[in-house]
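Input: a single structure, listed below in structure tokens.
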Amino acid sequence: MRHRYNECVESLAELLGHDAFPVKELALCTLMKFVELEAKYPLIKAEWKGSLTFPRELLKVVVDGLLPVNEDASLLISRFQEYMEYDDIRYFVIKAVTESIGQVMQKTKERPLPFYQQNVFSLISPINMPNKESDMVKFLVKQDNWEELKVSKLQAHKQAFEKMWLSFLKHKLPTGLYKKVLVILHDSILPYMNEPTLMIDFLTVAYGIGGAISLLALNGLFILIHQHNLEYPDFYKKLYSLLDPSVYHVKYRARFFHLLDLFLSSSHLPAYLVAAFLKRLSRLALTAPPEALLMVLPFICNLLRRHPACRVLVHRPDGPQDMSEDPYVMEEEEPSESRALESCLWEIQTLQNHYHPEVARAAAVLSRPLSELEDDISGLLELSAYELFDKEVQKKAADVPLEFEQIRGLFGKKNDIFAQHFALD
């Protein structure tokens, strides 16, 4: 009888790779029913009284079926997510995934497996970890001594969760997957790790790659720097190097400027450093789209309010009038060597003649004394070209009188001889 049951399990495991999704779904649900029944009525007696009798091997078969190496299984994985609401299933799935990653990735010799790694990410990224032990109340099966077992302890869940992500991230990831991980890292992974500082190596490597990946790594680094006292050498030098023309166009622009605002909020930053950021932001603004300019101009004003020593960049009437006279060295990677404090913000004066009236009005603020109160830029961070265009279209134009007297005659003079012989009808 046991032999027949094992053959049935093997057949169902093979059907998880069937071409037809309804067949795969039915095989998955049947196997999970077997997991539930085996947990309630174990096939093997416990080695000692009070030990856990959960069918981990059977669940491992299910997990392996959800993580094929050569095809995308995201649809089947989404069907499986309802079982992940059970705390015991989630715990043993995390353990099984960790084991699977070690077995599969070890064979590839660090070569990426796009389908497999994407499947693993689809399975583990939606995991909703409990915040406190009292939240762990939903179990597929409970035993008499449940409170004494690891599976009921939040600490054990966090350790397993941490080990799983570390084993996943130590292998080379495809670029697209790298970005997806960084997007969720700060709020779905780091808060549920026992030791978030173990992510330092991963984040510092990501921060050094450049481009969008570096922008996305900022979120995780911010948490480690502010909450876990991470010391990152030359952090502001690297942050400064991220300011390139693409920064006003990237998908993650709002997130980047939110974090840049936080990193430049300290009043203890040296004036030369803030001045370098002000100059580079202003120089790049010359080619930025209007929706980005409406965000960065108040951002620049806020920096000038926080750092009065940098206001010399505005109040320098004898400063350079264009790029050819500007002492600022845009190509210099070291902010202290960029000579930003010797320059002025002539770029903002140029933007006062921008074709978009809202941009010209925002740039004109620097021609007047700045108020002490900072501008709230939170509503402008995600401003899009579509919203800007829609706003302009919905504006109601006021009637503007073009003439105060009705024109008479050909040349508009009342008593002209032409008015007697020519009409404009």
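The values are calculated or read from the model by the stated rules, or taken from the named source; none is laboratory data. Since we're looking at a predicted model, the values are computed, not measured. Because the Cβ atoms are built from the backbone with ideal geometry, glycine has one as well, and the counts that use them run over all protein chains shown. To get the accessible areas, we keep the full protein, side chains included, count just its heavy atoms, and leave off ligands, DNA and RNA. Shrake-Rupley method; radii C 1.70, N 1.55, O 1.52, S 1.80 Å.
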Labelled set [x] 118, 62, 42; [y] 76, 53, 41; [z] 99, 64, 41; Cα extents along the principal axes in Å computed from this model equals the value at [x]
Between the alpha carbon centres of the range 22-40 and the range 75-114 the gap in Å comes to 17 Å
Counting only protein heavy atoms and rolling a 1.4 Å probe, one gets per residue an accessible area for the chain in Å² of 55 Å²
Counting only protein heavy atoms with a 1.4 Å probe and every protein chain in place, the carbon and sulfur fraction of the accessible surface of the range 1-172 in whole percent equals 53 percent
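What does the helix-only formula give at 222 nm for the chain: each DSSP H stretch with n ≥ 4 adding -39500 (n - 2.57), the total divided by the residues, and the result rounded to the nearest 500 deg cm²/dmol?
-15500 deg cm²/dmol
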Burial-style ranking of 12-21, 282-291, average other-beta-carbon count within 10 Å with highest first, yields 282-291, 12-21
With the range 77-135 reduced to its Cα atoms and the Debye formula applied, log10 I(q)/I(0) at q = 0.19 1/Å amounts to -0.75
Counting only DSSP loop positions in the range 310-359, the chymotrypsin sites (Phe, Trp or Tyr not before Pro) whose Cβ has at most 12 other Cβ atoms within 10 Å are TYR355
Cα extents of the range 132-212 along the principal axes, largest first, in whole Å, come to 53, 22, 20
A correct Kirkwood calculation over the Cα atoms of the range 1-172 returns a hydrodynamic radius in Å of 16.9 Å
Sorted on mean Cβ neighbours within 10 Å (highest first), peptides 224-237, 173-186 come out as 173-186, 224-237
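For the chain, calculate the relative contact order in percent as a whole number, restricting contacts to Cα pairs under 8 Å that are 6 or more residues apart.
Relative contact order of the chain: 10 percent.
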Mean Cβ-within-10 Å packing, highest first, puts peptides 384-395, 260-271 in the order 260-271, 384-395
Nearest 10, in degrees from 0 to 90: the angle of helix 87-108 to the longest Cα principal axis of the chain is 80 degrees
Using alpha carbon positions and the Kirkwood radius, the Rg to Rh ratio of the range 170-311 is 0.97
